[in-house]
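Visitor: What follows is a single structure, and I will ask about it in a moment.
The values are calculated or read from the model by the stated rules, or taken from the named source; none is laboratory data. Owing to the predicted nature of the structure, the values given are computational and were not obtained by experimental measurement. Positions of Cβ are generated from backbone atoms using ideal geometry, with glycine treated the same way; all protein chains shown enter the neighbour counts.
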Amino acid sequence: MNRVDAKACPIIINHIKVALVGQPNVGKSMLINSVSNAHLHVGNFSGVTVDKTEVLFNYKEYHFTVVDLPGTYAFTDYTIEERVTHEYLCTGDYDIIINVVDSTNLEKNLQLTSELLTMSKQVVIALNMIDEAEKEGINIDAEYMSELIGVPCIKVSAVTKEGIDKLIEAVTLKYETAKSQTKLYFSESVEEEIAQLVWYLDKHKFESENTYRNIAINLLKGDKTTYAKLHDEPIWIELQPILIEAGKHIKLHHNSDDIKEAFAEEYASFNRGVTAEVLNQKKQEEKRTLTEKIDSILIHPVLGIPIFLFFMWSLFQLTFEIGNIPMEYIDIFFTWFGDTIGATIANDDIRSLVVDGVIAGVGAVVLFVPNIIILFMGIALLEGTGYMSRVAFLLDGFFHKFGLHGQSFIPLVTGFGCSIPAYMSARILKNDRDRLLTLFIIGFMSCGARLPVYVLFAGAFFSPEMAGNILFFIYVSGAILGLISAKILKLTAFKGKDEPFVMEMPKYRLPTFKLIWHTVLTKTMMYLKKAGTYIAAASMLIWFLSNYPHNIKLTQSYETKIEQTKDIVLKEELHNTLNELELEQSYLGVIGKFSESIFTPLGFDWKMSVALQAGLAAKEVVVSTLGVLYALGNDVDQENRSLMGAISKNISFPSAVAFIVVIMIYLPCLAASIVFTREAGHIKYFFYLFAFTSVVAYIMAFIAYTFTRFLF
Amino acid sequence: MRTLFDCHKASKVKIVKLNADGDLKQRLISFGIMKEVKVEVLEHAPAKSTIEVKVGKMRIALRAEEAKLIEVEQI
């Protein structure tokens, strides 16, 4: 429906789709959150792991959809976020752009604005954080600015909610009126070239949505989309030589061999001009800003790192101390839930599938939700305040030596708790290669679920006094191995020029509770939804593999034996033997036997092989599987003395060392692998990870096995 | 040739030339680091692996390698 019709019948609701853009740290998300009566819709931009927030609300007879695009400094394609924004702005289906600008740093923000002005879409500028600017003595003449650049400029504040309604009103007004030419002016030499191109386009009556002037500007600055559009037009043949000549003139004028640099300078001088005209700042004596004062402590060359380590330590204490409290209740709940549901199902097989398969599997995933909530709250706080950039600044020197990025620290340390939030938090790394490399080595940081296995083996072969040191040694050597692997991967698979490290250190800000909560909620829901569905399916598979095929003869013969004996101890023993035999002839046992030969060079028997493979589902399962296989019954935990005894009796020390090494390195649990695949963005990376971890684990275990056999 | 990396803490300089190419140059420009712009060096990370500079009102962190590509002169 066109706009004239819409005016004639105002009852029909019209849709206005708005693209919300701005540079990073301009309070865009906060602004979108402060629209009242708005609906949030969170998803992903297609094909990439970039969150897409849409805000839906009604205003007058209009139905608004606002798409919050990731922050970008200019039209560049450096990070995924920048690519997403650029692509959406060029090809997305939307009606109007709201450009959010930080009023306290107008000139810098206009850099993106001036690029937006050459697009075919209408623009409305939101001068955000106006309250803060006024406090700093900055006064912006918004009306004059609107007149000067030819688009409405509205003063707003996400904090005080000032001007929000006015902004929406301006958008509807702009939507209803015809497109007007924006007033972006360049130096005389560039204007001459623009005029020539416009004249040429006009002569040929070139048909286009965008104005001739904007097409000319985009052609001159080498905008790919515009080129692609004109390339197939007949006028291109004549246009090309004119363009080449024009480009030469501009480069000559700017004393640069780079047309993009020349245009950046043109934009910068336009922005300087606009700022000088509309902005009036009361002269303040040169005093240090609050941010500078905080920074003098937080990024202090000596104190900076200890302070950061303290923050991290506190966060992990909170995550795993407070997070563990509800974990217990969740566990109790799922046990109760399983029992209750189980009682209603008559069929043994279906009951086992539902209770031991689905409910137990899903319960294991839900168990980590409290940890995830606390951890993400902490990370959202670290990011929202602007502290995360400081961390990268402090640590980049050390991590860069291993081919990693300063911000890799957060996901790596998180990996000591649980790999799932670690993989998810790797999103803070904006560069693809940095993020992938970090994702690949997170597994080397031994997660909490591997602890029971370590405790069991350390207890079986070492005195209680030594066991603690051994545990520490295992964790540290895992981390060191991870850093070395990062270096090797960087020199081989992720070879290439180092990604540059250029990053804004934003002002310190206190993020609103609403914003933090929203971030945490989104992440948690995504975790529950995706990992939850896959986990339910995978748990069913593992359950099936370990329970089938049934050998009725075997079961019956043992059950009669169990019934016949009166001795409780003997009963228990028979029961355990039955479990062991059942597992041995199950599909999982067959796989274990089949793969035994692969593990023979490491000194593993088929039981250890099965335990390792069961550990692919979840690392905790390794202990319970070993328990079953060494016939101790199902209820086995790492404190179980008799299992320790059984292990030290049945497994040689070198085999045990090799086993620990494999546990340390090989593929993380199923849930983590699924999250890994999602975060890495493609299934092929899962196979790479599988191959990489398996090879490294095998080689390292073999070395450890041979070495310890030689020593002892 | 003096680069941003050679500057002491708290020194104020003007950028003369960007020796970076392609993507990195675009990246620097998008942060406002370009010819004729005044820069103040704020902080060095341990071992001078990273430096923090102020361009206009924006604080930017750069790795030593990148800072070495930015030619500057005293003002």
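Visitor: Can we say A:Thr160 is within 26 Å of B:Ile60 (Cβ to Cβ), within 37 Å of the chain's Cα centre (by Cα) and assigned by TED's automatic domain parsing to the domain that holds A:Lys28? Walk me through how you get there before you give the answer.
Guide: Working: within 26 Å of B:Ile60 (Cβ to Cβ): no; within 37 Å of the chain's Cα centre (by Cα): yes; assigned by TED's automatic domain parsing to the domain that holds A:Lys28: yes.
Judged against the criteria, A:Thr160 is not a match.
Visitor: Of the residues A:Phe457, A:Phe472, A:Phe494, only one is aromatic (Phe, Trp, Tyr) and either within 24 Å of the chain's Cα centre (by Cα) or outside any helix (DSSP H, G or I) (or both); which? It would help to see each step written out before you state the result.
Guide: On the way: A:Phe457 fails: either within 24 Å of the chain's Cα centre (by Cα) or outside any helix (DSSP H, G or I) (or both); A:Phe472 fails: either within 24 Å of the chain's Cα centre (by Cα) or outside any helix (DSSP H, G or I) (or both).
Checking each option against the conditions leaves just A:Phe494.
Visitor: For A:Val151, which of the numbered conditions (1) assigned to a loop (DSSP other than H, G, I, E, B); (2) modelled with pLDDT under 90 fails to hold?
Guide: Among (1) assigned to a loop (DSSP other than H, G, I, E, B); (2) modelled with pLDDT under 90, A:Val151 violates only (2).
Visitor: Now a separate question. Scan the range A:505-519 and tell me whether some residue there is within 30 Å of A:His400 (Cβ to Cβ), within 39 Å of the chain's Cα centre (by Cα) and in a strand (DSSP E or B).
Guide: Yes, the range A:505-519 contains at least one residue that is within 30 Å of A:His400 (Cβ to Cβ), within 39 Å of the chain's Cα centre (by Cα) and in a strand (DSSP E or B).
Visitor: What do you reckon, is A:Ala691 outside the structural domain of A:Gly478 (by TED's automatic domain parsing), at pLDDT 90 or above and surrounded by 20 or more Cβ atoms within 10 Å (Cβ to Cβ)?
Guide: Judged against the criteria, A:Ala691 is not a match.
Visitor: Can you name every residue in the range A:481-512 that is over 22 Å from A:Asp77 (Cβ atoms), within 14 Å of chain B (Cβ to nearest Cβ) and among the charged types (D, E, K, R)?
Guide: Within the range A:481-512, A:Lys507, A:Arg509 meet the criteria.
Visitor: Can A:Thr172 be described as under 25 Å from A:Asp95 (Cα atoms) and not assigned by TED's automatic domain parsing to the domain that holds A:Pro234?
Guide: Against the criterion (under 25 Å from A:Asp95 (Cα atoms) and not assigned by TED's automatic domain parsing to the domain that holds A:Pro234), A:Thr172 qualifies.
Visitor: I need a count of the residues in the range A:163-187 that are among the hydroxyl-bearing types (Ser, Thr, Tyr) and surrounded by fewer than 15 Cβ atoms within 10 Å (Cβ to Cβ).
Guide: Here the count works out to 2.
Visitor: Shifting gears a bit: Go through the range A:434-448 and report how many residues are at pLDDT below 85 and either surrounded by 24 or more Cβ atoms within 10 Å (Cβ to Cβ) or not hydrophobic (A, V, I, L, M, F, W, C) (or both).
Guide: Residues of the range A:434-448 at pLDDT below 85: A:447-448.
Narrowing further to those that are either surrounded by 24 or more Cβ atoms within 10 Å (Cβ to Cβ) or not hydrophobic (A, V, I, L, M, F, W, C) (or both): A:448.
The number of residues fulfilling the criteria is 1.
Visitor: With the requirement that a residue be without any contact (Cβ under 8 Å) to a residue 24 or more places away in the chain and in a loop (DSSP other than H, G, I, E, B), what does the range A:660-712 give you?
Guide: Within the range A:660-712, A:His682 is the sole residue that qualifies.
Visitor: Another question, if that's okay. Criterion first (over 25 Å from A:Leu106 (Cα atoms), surrounded by fewer than 19 Cβ atoms within 10 Å (Cβ to Cβ) and either within 14 Å of chain B (Cβ to nearest Cβ) or in contact (Cβ under 8 Å) with a residue 12 or more places away in the chain (or both)) does A:His231 satisfy it?
Guide: On the way: over 25 Å from A:Leu106 (Cα atoms): yes; surrounded by fewer than 19 Cβ atoms within 10 Å (Cβ to Cβ): yes; either within 14 Å of chain B (Cβ to nearest Cβ) or in contact (Cβ under 8 Å) with a residue 12 or more places away in the chain (or both): no.
Spelling it out, it is not the case that A:His231 is over 25 Å from A:Leu106 (Cα atoms), surrounded by fewer than 19 Cβ atoms within 10 Å (Cβ to Cβ) and either within 14 Å of chain B (Cβ to nearest Cβ) or in contact (Cβ under 8 Å) with a residue 12 or more places away in the chain (or both).
Visitor: Every residue in the range A:248-268 that is closer than 20 Å to B:Leu18 by Cα, surrounded by fewer than 20 Cβ atoms within 10 Å (Cβ to Cβ) and touching a residue at least 24 places away in the same chain (Cβ under 8 Å), please.
Guide: If the condition is that a residue be closer than 20 Å to B:Leu18 by Cα, surrounded by fewer than 20 Cβ atoms within 10 Å (Cβ to Cβ) and touching a residue at least 24 places away in the same chain (Cβ under 8 Å), then A:His253, A:Ile259, A:Lys260 are the ones that fit.
Visitor: In the range A:58-73, how many are in a strand (DSSP E or B) and among the small types (Gly, Ala, Ser)?
Guide: Residues meeting the conditions: 0.
Visitor: Can you confirm whether A:Phe659 is among the aromatic types (Phe, Trp, Tyr) and surrounded by fewer than 18 Cβ atoms within 10 Å (Cβ to Cβ)?
Guide: no
Visitor: If you don't mind, there's one more thing I want to ask. Would you check which residues across the range A:196-210 are closer than 15 Å to A:Thr118 by Cβ and either modelled with pLDDT of 85 or more or loosely packed, with under 13 Cβ neighbours inside 10 Å (or both) and list them?
Guide: A:Leu197, A:Val198, A:Leu201, A:Glu209
Visitor: Could you give me the residue pairs with C-beta distances under 6 Å whose first residue belongs to the range B:12-41 and is among the basic types (Lys, Arg), whose second residue is not in a strand (DSSP E or B) wherever it lies, and which are 6+ apart or on separate chains?
Guide: B:Lys14/B:Ile75; B:Arg27/A:Tyr78
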